[in-house]
Amino acid sequence: MEKNIKISKKLKSLDYIKTIQKRKKFKKIIQNFYKRNNISDEDKEIEKYLKKFQNKLGKFLGQENLKKNEKIKKEILDCIESEYSFYPQSIIDKRLRSLYDDIKNNCLDDNFICAPILNNNTTTSNSSHDLVHSFINLNQIQNSKIFSFNHYIDLLNKKIEYESKKDTTPNIISYREEFSKHLEKERKQIKTKFQNISSLILIDDYTGTGQTVIDFIKKIESSLPQNVTIILFFIHSTKIAKKNICKLKNKIENDVIFVCKDITDKYFANNPEIETEFKKFETNIVKPRRKREVLGFDETESVVTLSRNTPNNTLSTFWSSNIEWVPLFPRDEKTDKQKDLINKQKYVKYITWFINDKYPTFSSNEKLKLTFLLCIKFASSLEKTIKLIDLMNTLSYNDSVDVLIQECKSEKLFDIDKNLMLLENGIIFLKNYKLYDLEISTIIKEYNKKVNKITSSDFTNSFT
């Protein structure tokens, strides 16, 4: 008996030592992450991704899907400690000041203009806009040094749109001629503006494939005098992006200078075995919205987060979310994901009808609980995140909804921390009713068959 007690105490002591060692290793990983990325104590307080980072990383690593995938978990820890790049705003500002210093130190005259790199949709705000203005403000450069090609790109897009139309009616022909005339006028005005300018500086925080900047330069290069040097500055770039952009030098008249301090290869460039494992994990567990975002957009395999956002070129494990996966550095999408929830009455209408139709004998509380959990399931997969207040409003908040929420919380059916996500108990609950694998399109089809003859695509647009 005494011998067994001694063995038990020894085992407990060993477990305690192992726990202490794990904690020390965990703290060391975080310290190395901070040190490698030059993250200051102030950064830890003000950066949205870094606030309570130790807790966030602990929760991230504690997810059930990582407990079942120790190989993936180990690789994530190695990545955070040794490879993952994080750029706090303080470092981005430092790089922007350094860019201006380099321009002056390399005897490039002050005769330059800055411009944001535009997407095809010029109304979409992007990081390039913000960085150009930061560059101007940080270095106390006059605002007259900023120029935008918005109007030119819009005219060019319209010209292309009408040229692609096969319609030869007088109106279409007139539009084609009108846009061509306005485009040519705008091109001449830009050439006049740049005739005494030596450099055009294009700034962005990250480039993954280089395609956005290549497309942009191809569109504007005919409006620039040949003597204008295009200086491309990035906070972070991939090797493939630099290679693709450098090929551009042989295709246009203007000289192109590529400036970037941090240039990285694909994360799994030398490890195809773990790449295959990650691809399976992201396909089956992380499930990014688009298949081409598995292993990062077009398999770019970056491991980068910047102060504002995480590029979708980063491994989706770190930024994409669904009802079974909570990321460490969630991505802010450019489109407004809450727009679909504006149609919340429609959203709940179909789910409520489906539950009433499938379970007519259930109590109102049982039906409401199933509706509530299905709302979380569908909203999480479509919106990525949904707040409790949105869902309460969606369900026409009243006392019974309040009671329901408290009941679901006590049964640990969902996570209420900032955003609603189904917990394991909630998933099991829906599986017991054979509702977990249900798709919103199935409900819409059922509704159309029994209630309405409107095509399902009319409704699907409200949810996708």
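The values are calculated or read from the model by the stated rules, or taken from the named source; none is laboratory data. Because the structure is a prediction, the values reported are computed rather than measured. Neighbour counts are summed over all protein chains in view; Cβ atoms, including those assigned to glycine, are modelled from backbone coordinates with ideal geometry. When the accessible area is computed, the model is the full protein with side chains, heavy atoms only, and any ligands, DNA or RNA have been set aside. Shrake-Rupley method; radii C 1.70, N 1.55, O 1.52, S 1.80 Å.
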Legend entry - Filter result (over 26 Å from residue 37 (Cβ atoms) and either within 10 Å of the chain's Cα centre (by Cα) or not in a loop (DSSP other than H, G, I, E, B) (or both)) within segment 278-319: 279, 280, 283, 284, 285, 291, 292
Legend entry - Conditions (1) in contact (Cβ under 8 Å) with a residue 24 or more places away in the chain; (2) open to solvent by less than 70 Å² (accessible area, probe 1.4 Å): number failed by residue 271: (1)
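Residue-wise test of (1) free of Cβ contacts under 8 Å to residues at least 12 places away in the same chain; (2) part of a helix (DSSP H, G or I); (3) open to solvent by 10 Å² or more (accessible area, probe 1.4 Å).
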| residue | (1), (2), (3) |
| --- | --- |
| 54 | no, yes, yes |
| 71 | no, yes, yes |
| 74 | yes, yes, yes |
| 78 | yes, yes, yes |
| 95 | no, yes, yes |
| 128 | no, yes, no |
| 132 | no, yes, no |
| 136 | no, yes, no |
Inset, instruction - Please go through segment 312-325 and pick out each residue that is in contact with a strand residue (DSSP E or B) (Cβ under 6 Å, 6 or more places away or on another chain) and at pLDDT 95 or above. - result: 313, 314
Inset, instruction - Being of a type in the set (Val, Ile, Thr), touching a strand residue (DSSP E or B) at 6+ places or on another chain (Cβ under 7 Å) and open to solvent by less than 10 Å² (accessible area, probe 1.4 Å) narrows it down to one of 197, 201, so name that one. - result: 201
Legend entry - Flag for residue 400 being modelled with pLDDT under 80 and either in contact with a strand residue (DSSP E or B) (Cβ under 7 Å, 6 or more places away or on another chain) or in a loop (DSSP other than H, G, I, E, B) (or both): no
Legend entry - Residue that is surrounded by the fewest Cβ atoms within 10 Å (Cβ to Cβ) [pool: residues in segment 355-379 that are of a type in the set (Phe, Trp, Tyr) and under 33 Å from the mean Cα position of the chain (by Cα)]: 378
Legend entry - Set 110, 102: member being over 25 Å from residue 317 (Cα atoms), free of Cβ contacts under 8 Å to residues at least 12 places away in the same chain and open to solvent by 30 Å² or more (accessible area, probe 1.4 Å): 110
